[in-house]
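Encoded as structure tokens, the structure appears first; notes follow it.
Values quoted throughout were computed directly from the atomic coordinates according to the rules given, and no laboratory measurement underlies them. A quick note: this is a predicted structure, and the numbers were derived from the prediction, not measured. We place every Cβ from the backbone using ideal geometry, glycine too, and count neighbours over all the protein chains shown.
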């Protein structure tokens, strides 16, 4: 009997100690709980690109002789990141504008046109990257090229597979 009273008292004290935490959590508006706690700047492509470029330059051990090719490559990466920043700002503005009104779902033709536009821009960006990456890659030593094969690969897509292009380990 005495053990059950002690165990009940311990349980009640734990519940009492946890109560302020539960109340504080429930006082937080649901919208605030759903949003990530990090700042908007954490998602800026230009900032991520600068960090990535710094990492790549260090990993590749770029020499003074390779600097012109590196600078051309870095310039294109920065340009693409600034364009991505701009697209993000435009998308956010459109979403803010559409908040109050009714959102119209795009038609099948509109979706295909958007996809075509996206692919056209992606092809243009790929051509720009290839134009600066080829000379940089050619200027690298064989050891640097091995490192470049890893660091130039799109993040999350090593092995050449992308968005369902691979078999995902299925037999």
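Consider a paramagnetic label point 7 Å from the Cα of residue 75 along Cα→Cβ; state which residues of region 131-152 have an amide N under 13 Å from it. Correct set: 132-133. Here the simple spin-label model places points 7 Å from the Cα toward Cβ, and for residue 54 and residue 109 these points are separated by 5.0 nm.
Legend: translational diffusion of region 82-143 by Stokes-Einstein, Rh = Kirkwood radius over C-alpha pairs, 20 °C, 1.002 mPa s; D = 143 µm²/s.
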